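What follows is a set of notes on a single structure, which appears directly below.
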Amino acid sequence: NAGVTQTPKFQVLKTGQSMTLQCAQDMNHNSMYWYRQDPGMGLRLIYYSASEGTTDKGEVPNGYNVSRLNKREFSLRLESAAPSQTSVYFCASSMVLLPEAFFGQGTRLTVV
Amino acid sequence: KNEVEQSPQNLTAQEGEFITINCSYSVGISALHWLQQHPGGGIVSLFMLSSGKKKHGRLIATINIQEKHSSLHITASHPRDSAVYICAVRGSSNTGKLIFGQGTTLQVKP
């Protein structure tokens, strides 16, 4: 089982560029999440999708959009990257009723 | 004040020492997670607790629901235990969202 797979692992963007972070899980989980991790701040929820076809804002959604493409895939898009979006991004998934959390390996994004 | 507070933020230990990391939370929860993150690596779930105590190898996690407090213990610590340990709580709603502590950076010296 691959678990949760994120791509890419590393990315450098120029201010104003756009990109999409991809996340896929093969565990048939209903819920998927995007977090960002910044030094000294812990992980913060950007967006989540409680089930296929639904998405909701988390704690820090500004500057991001998401798409729950199907049950497996949940993508995060930066339309116009800003240096403040330099961070490590983690995708996670879980079954809501059996809330074991599974995380991807992370994407280290630098915006210059 | 953060809803999930961990202490200490940083911890240095000698190999073989018994280590305790604490987590206090201020919200109603359905479960509490302890996670491990190695430098440059992903995040791995160590434990999920809703009551009592769980043990896996040298790791022990306890939770006191009444006191809203959990501890992660590492017995006979080893340099490979060096990592960031993160406490996260799952709220009482059914969305499955996690609220994270800031993490405890552990360094175990040989």
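The values are calculated or read from the model by the stated rules, or taken from the named source; none is laboratory data. Just so it is clear, the structure is predicted and the values come from calculations on it, not from any experiment. Neighbour counts run over all protein chains shown; Cβ positions are idealised from the backbone, glycine included.
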Residue that is among the polar types (S, T, N, Q), away from chain A (no Cβ under 12 Å) and in contact (Cβ under 8 Å) with a residue 40 or more places away in the chain, where the choices are B:SER51, B:SER92, B:SER30, B:SER70: B:SER70
Members of the stretch A:71-80 that are of a type outside the set (A, V, I, L, M), buried (at least 16 other Cβ atoms within 10 Å of the Cβ) and under 10 Å from the mean Cα position of the chain (by Cα): A:PHE74, A:SER75
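Quick grid of which residues meet (1) assigned to a strand (DSSP E or B); (2) under 14 Å from A:PHE103 (Cβ atoms):
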| site | (1), (2) |
| --- | --- |
| A:THR5 | yes, yes |
| A:VAL12 | yes, no |
| A:GLN17 | no, no |
| A:GLN22 | yes, no |
| A:MET32 | yes, yes |
| A:GLN37 | yes, yes |
| A:PRO61 | no, no |
| A:ASN65 | yes, no |
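May I ask you to verify whether B:ALA88 is part of a strand (DSSP E or B), modelled with pLDDT of 95 or more and surrounded by 17 or more Cβ atoms within 10 Å (Cβ to Cβ)?
Working: part of a strand (DSSP E or B): yes; modelled with pLDDT of 95 or more: no; surrounded by 17 or more Cβ atoms within 10 Å (Cβ to Cβ): yes.
So B:ALA88 does not fit the description; no.
Might you let me know whether the stretch A:7-16 holds any residue that is more than 17 Å from B:PHE100 (Cα to Cα), touching a residue at least 40 places away in the same chain (Cβ under 8 Å), among the aromatic types (Phe, Trp, Tyr) and within 13 Å of another protein chain (Cβ to nearest Cβ)?
First pass over the stretch A:7-16, keeping only residues more than 17 Å from B:PHE100 (Cα to Cα): A:7-16.
Among the residues that remain, those that are also touching a residue at least 40 places away in the same chain (Cβ under 8 Å) are: A:7-16.
Retained after the next criterion (residues that are among the aromatic types (Phe, Trp, Tyr)): A:10.
Imposing the further condition that a residue be within 13 Å of another protein chain (Cβ to nearest Cβ) reduces the set to A:10.
Looking for residues that are more than 17 Å from B:PHE100 (Cα to Cα), touching a residue at least 40 places away in the same chain (Cβ under 8 Å), among the aromatic types (Phe, Trp, Tyr) and within 13 Å of another protein chain (Cβ to nearest Cβ), one finds at least one in the stretch A:7-16, hence yes.
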Subset of the stretch B:24-80 that is outside any strand (DSSP E or B) and basic (Lys, Arg) - its residue that is surrounded by the fewest Cβ atoms within 10 Å (Cβ to Cβ): B:ARG80
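In contact with a Cys (Cβ under 6 Å, 6 or more places away or on another chain) and within 11 Å of chain B (Cβ to nearest Cβ) - does that describe any residue in the stretch A:58-70? Let's see the steps before the verdict.
Filtering the stretch A:58-70 down to residues in contact with a Cys (Cβ under 6 Å, 6 or more places away or on another chain) leaves none.
No: the stretch A:58-70 contains no residue that is in contact with a Cys (Cβ under 6 Å, 6 or more places away or on another chain) and within 11 Å of chain B (Cβ to nearest Cβ).
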Filter result for B:GLN14 (away from chain A (no Cβ under 14 Å), in contact (Cβ under 8 Å) with a residue 12 or more places away in the chain, surrounded by fewer than 18 Cβ atoms within 10 Å (Cβ to Cβ) and touching a strand residue (DSSP E or B) at 6+ places or on another chain (Cβ under 8 Å)): yes
Exclusive hit being under 13 Å from the mean Cα position of the chain (by Cα) and under 25 Å from B:GLY40 (Cα atoms), set A:PRO83, A:PRO61: A:PRO61
Failed item in (1) part of a strand (DSSP E or B); (2) out of contact with any Ser or Thr (no Cβ under 6 Å at 6 or more places or on another chain); (3) more than 13 Å from chain A (Cβ to nearest Cβ); (4) farther than 13 Å from B:TRP34 by Cβ, with B:GLN107 passing the rest: (2)
Some residue of the stretch B:47-62 being under 23 Å from A:MET95 (Cα atoms), of a type in the set (A, V, I, L, M) and at pLDDT 95 or above: yes
Pick from the stretch A:39-56, criterion out of contact with any Leu (no Cβ under 9 Å at 6 or more places or on another chain) and assigned to a strand (DSSP E or B), ranking: farthest from the other protein chains (Cβ to nearest Cβ): A:SER49
Number of positions in the stretch A:21-56 that are within 12 Å of the chain's Cα centre (by Cα) and charged (D, E, K, R): 2
Positions within the stretch A:80-112 being in a loop (DSSP other than H, G, I, E, B) and modelled with pLDDT under 95, in sequence order: A:MET95, A:VAL96, A:LEU97, A:LEU98, A:PRO99, A:GLU100, A:ALA101, A:GLY104, A:GLN105, A:GLY106
